[in-house]
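Q: Quick one: structure below, then a few questions.
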Amino acid sequence: MNVGGKLKEAGKQWVKEDPEKREVYWPTDEMKEKAYFSDERIYTQASKDPEGFWAEQAKKFIDWFEVWDADKIVELEPPYFNWFAGNKTNLCYNCLDRHLDEHRNKAAIIWEPEPVDEVQKVLTYMDLYREVNKFANVLKGLGVKKGSTVTVWMPMIPETAIVALACQRIGAWHSIVYTAFAPHAVRERMQDAGSKILITVDGFYRRGKLIGLKKRIDEAQVLEKVGAENCVVVSRVNGGVPMKEGRDYYFDELMRGAEAYCEPETITSEDCSFLLYTSGTTGKPKAVMHSCGAYSVGVALTMKLVFDLHPEDLFWSTADIGWITGHSYGLYGPLLAGATVLWYEGAPDYPTPSRWWEIIEKYGVTIFYTAPTAIRALRAAGDKWVEGYDFSSLRLLASVGEPIDPDTWKWFYEKIGERRCPLVDTYWQTETGGILLSSLPGIGPFIPGVAGPALPGVNYDILDETGEPVKEGEFGYLVVKSPFAPSMLRGMYKKPEEYIAEYWSEYGTEIYFAGDGGIKIGQKIGGQPLIKITGRIDDVMEVAGHRLGTAEIEDAVNELEEVVEVAVVGKPHAIKGEVPALFVVLKRGVEVPKEEMDRKIVVAVREKVGPVATPEAVFYVSDVPNTESGKIIRRFLKGLVRNEALGDMTTARNPECLKELAEATKYRGPQKIPGYNLSAV
Ligand code: WT7
């Protein structure tokens, strides 16, 4: 990606805070005593020799079939890097087999269904091992091989974990698609990956409603259109869905005849362990490729370093398995650590906004990882829904997905953490596989709105547009420098050019450009500057913690015959953080009533992208600002919906459209615009 002059503009829009007003919290003595890491010298030790640091962690946390070549802790071939080159291991083996001697009867996954009258399920390590082995054999029986892509459209139920781990066992790549995306999104992803098998469910429960996934796949004829050879259906609700003879099979049916043991495949440092589609700055979602051994090292270390996960802990990450957080910290991380993880099927506010708090009390959750948008929503429901619950089991809170505003931070810290539990704000991305920046629970500090320092061994910086590190208090771009972090992506499936364009073009092929803005706040820990993340500086939105590309929504709307042009930007929203706002130019003479057109647009977006991307504001205008080359200047549109400075207008081909836009959006921001006089028109 090349964001060119955007940095300057974004920097101007950033309002400086008063550092004196920042509240700083530190770990309690109890936490310091218990924590695996409580000595800040870990930072200096790791930065002296990052490779040595990571190699030490790799030996500690992962069992290797073969270790890496001694002189190749990391092999750098910009813009590619290969950590622990030559290693051989298996992620499923590390999550299950190696734990059996010590705790085969320990709970691996505790599952809470959404309907309150249904009973929970507990899968021990042995249970999971048994089921995963069988399903690995089922997959083999269906012709799935090492390197085949298995598409998974499944909710938070134990079978999803079984399917994912079974893929790991045989070296197949799972591509898990979020259930709030549309069947069309499943189809696109299957096509892109050349995937011939889909694993899904008859249905599941979300906010009391039955969501029939297989039916939706059939209605959209996804399997026919991609030429799928097989579809495996987990019967979650005894839905009795239509099954096509010879192509569709019930999970249980296949499992009945399956062999009990499947030898774990040897996965090398050159292999991929899964694909995960994510939104970028251009067009269609692209598949990030993750490694096996190196990814495992990053994820396993952060379970201890950031989450301080002890054997007796009960870890709950509320993220859905369809996102990287669900992969790394809802599944692989906790199991790599031999811990117990909680999975909840449904919505946070069903049947009441107390559901999550009830679950914490019921099971005695000790570490709770969630997103600011969820906290804002539950807080908005009113404090009465929190009162009276027993949170004494909790010892650590964590946040992810977007910057957490100080107000929400403090509410979470006080009401749920009872001012006792550290709150760590973990910054990372689908691409980084694991956490990159966060304060550590036994070291601190915990500052509302500030993510913290980079993790030990992670070489990052904040640069200005010329590539120079910014001064304290100045805004810049977040980058990761050599030797990067072991859990980071190994490439983009079938799209090497986009891999370079997205991450390695802003500062060249030796500096990973994350797409986020940040500030060094002027305080340090262990010699490391503390960082405040200010959010995306590109065309990627975070809607209720879900990453969406503006381009995908634009493509969906552009397909409507009434539409000439559309531009999507993120509009601030009190609970969701951002929501998609659309500027739509209709064909001349189109006389569809506004409500009707709104409905058409919403339907198009829900069908093509999914309910998660539903637009919340549509502005019908006669033109949108373009550059001479015809590129929509979204920065103006963003400024308009945010009531922020609009920035330089001199590059626009059609500045006169601004007046209409300002009126449509009821813009109340600064009126002075270089190259254009808003109030004079
Ligand atoms: C983008 C990545 C990483 C799992 C969830 C999202 C934003 C993530 C934070 C945080 C500020 C954050 C960034 C990033 N983000 N965590 N603690 N503070 N921003 O993964 O869907 O790949 O999105 O989420 O903008 O680039 P993702």
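The values are calculated or read from the model by the stated rules, or taken from the named source; none is laboratory data. Keep in mind the model is a prediction, meaning the values are calculated, not measured. Here the Cβ is made from the backbone with ideal geometry for all residues, glycine too, and neighbour counts use every protein chain on show. SASA here: full protein model, heavy atoms, side chains in, ligands and nucleic acids out. Shrake-Rupley method; radii C 1.70, N 1.55, O 1.52, S 1.80 Å.
Q: Using only alpha carbon pairs under 8 Å that are at least six residues apart, calculate the relative contact order of the chain and give it in whole percent.
A: Value for the chain: 15 percent.
Q: Ranked highest first by average number of other Cβ atoms within 10 Å, how do 62-75, 601-614 line up?
A: Packing order, densest peptide first, comes out as 601-614, 62-75.
Q: Still on this structure, I have one more. State the Cα centre-to-centre distance between the stretch 323-374 and the stretch 72-97 in whole Å.
A: 29 Å
Q: Count the net charge of all other residues whose Cβ sits under 15 Å from the Cβ of Ile500, scoring Lys and Arg as +1 and Asp and Glu as -1.
A: Residues close to Ile500 contribute a combined charge of -3.
Q: With the cut-off at 28 Å, tell me which of the pairs Lys21/Lys481; Lys209/Lys587; Lys121/Lys209; Lys362/Lys415; Lys415/Lys576; Lys59/Lys481 have Cα atoms farther apart than that.
A: Exceeds cut-off: Lys21/Lys481; Lys209/Lys587.
Q: Thr268: net charge of surrounding residues, Cβ under 14 Å, Lys/Arg +1, Asp/Glu -1, itself excluded?
A: Net charge around Thr268: -2.
Q: Give me the 1.4 Å probe accessible area per residue for the stretch 80-162, excluding ligands and nucleic acids, in Å².
A: Using a 1.4 Å probe on heavy atoms only, each residue of the stretch 80-162 averages 34 Å².
Q: In terms of the Cα gyration tensor, with a ≥ b ≥ c the square roots of its eigenvalues, is the stretch 196-294 rounded because a/c is under 1.5, prolate because a/b exceeds b/c, or oblate?
A: Oblate, because a/c is 1.5 or more while a/b does not exceed b/c.
Q: Run through the stretch 94-150 and list the GluC sites (Glu not before Pro) located in a DSSP loop whose Cβ has at most 12 other Cβ atoms within 10 Å.
A: Qualifying residues, ordered by number: Glu118.
Q: May I ask you to give the percent of accessible area on the chain that is carbon plus sulfur, with a probe radius of 1.4 Å?
A: 48 percent
Q: Still on this model: If I take every Cα pair under 8 Å that is 6 or more residues apart in the stretch 542-680, average their sequence separation and divide by the length, what percent do I get for the relative contact order?
A: 20 percent
Q: Now a separate question. Roughly what % of DSSP beta bridges within the chain run antiparallel, to the nearest 5?
A: 60 percent
Q: Can you spot the lysines whose alpha carbon is less than 16 Å from Lys32's alpha carbon? Ignore those fewer than 8 places along the same chain.
A: Candidates past the 8-residue exclusion: Lys304.
Q: Moving to a separate point now. Name the aspartates and glutamates eligible as straight-distance cross-link partners of Lys134: C-alpha to C-alpha under 16 Å, and not fewer than 8 places from it in the same chain.
A: In chain and number order, the partners are Asp97, Glu159, Asp252, Glu253, Glu259, Glu263, Glu265.
Q: Run the Debye formula on the Cα coordinates of the chain, all scatterers equal and no solvent, and tell me log10 I(q)/I(0) at q = 0.05, 0.10 1/Å.
A: Each listed q corresponds, in turn, to -0.22, -0.96.
Q: Length gain on complete extension for the stretch Lys34 to Gln191, per 0.36 nm per residue less the alpha carbon to alpha carbon distance?
A: 51.6 nm
Q: Give the peptides 538-545, 422-429 in descending order of average Cβ contacts within 10 Å, highest first.
A: Top of the packing list down: 422-429, 538-545.
Q: Another question about this same structure. For the full complex of protein chains and a 1.4 angstrom probe, list Glu465, Glu312, Glu112 by accessible area with the highest value first.
A: The ranking, largest first, comes out as Glu312, Glu465, Glu112.
Q: List the relative contact order of the stretch 395-476 as a percent without decimals, with contacts defined as Cα pairs under 8 Å and 6+ residues apart.
A: Relative contact order, the stretch 395-476: 24 percent.
Q: Over the stretch 484-637, give the accessible area per residue in Å² for a 1.4 Å probe, as an integer.
A: Computed with neighbouring chains in place, this is 37 Å² per residue.
Q: What distance in nm separates the two pseudo spin-label positions at Glu663 and Thr650, each 7 Å out from Cα along the beta-carbon direction?
A: My value for the distance between the label points is 2.9 nm.
Q: Can you give the extra length, in nm with one decimal, that the chain gains between Glu51 and Asp117 once fully stretched, where that is 0.36 nm per residue apart less the Cα-Cα distance?
A: This chain segment gains 18.6 nm when fully extended.
Q: Once phi is turned into θ = phi - 60°, what whole-Hz ³J(HN,Hα) does the Karplus curve with 6.51, -1.76 and 1.60 give for every residue of the stretch 399-407, x standing for Gly and Pro?
A: Listing the rounded values in order: 10, 7, x, 6, x, 9, 6, x, 4 Hz.
Q: Now, a different point. How much net charge surrounds Phe391 when only the other residues with a Cβ under 14 Å from the Cβ of Phe391 are counted, with Lys and Arg +1 and Asp and Glu -1?
A: In short, -2.
Q: Determine how many Å³ per residue the convex hull of the Cα atoms of the stretch 542-680 encloses.
A: Per residue, the Cα convex hull of the stretch 542-680 comes to 111 Å³.
Q: Could you calculate the FRET efficiency of Glu270 with Lys225 from 1/(1 + (r/R0)^6), where r is the beta carbon distance between them and R0 is 22 Å, rounded to 0.05?
A: Computed FRET efficiency for Glu270 and Lys225: 0.10.
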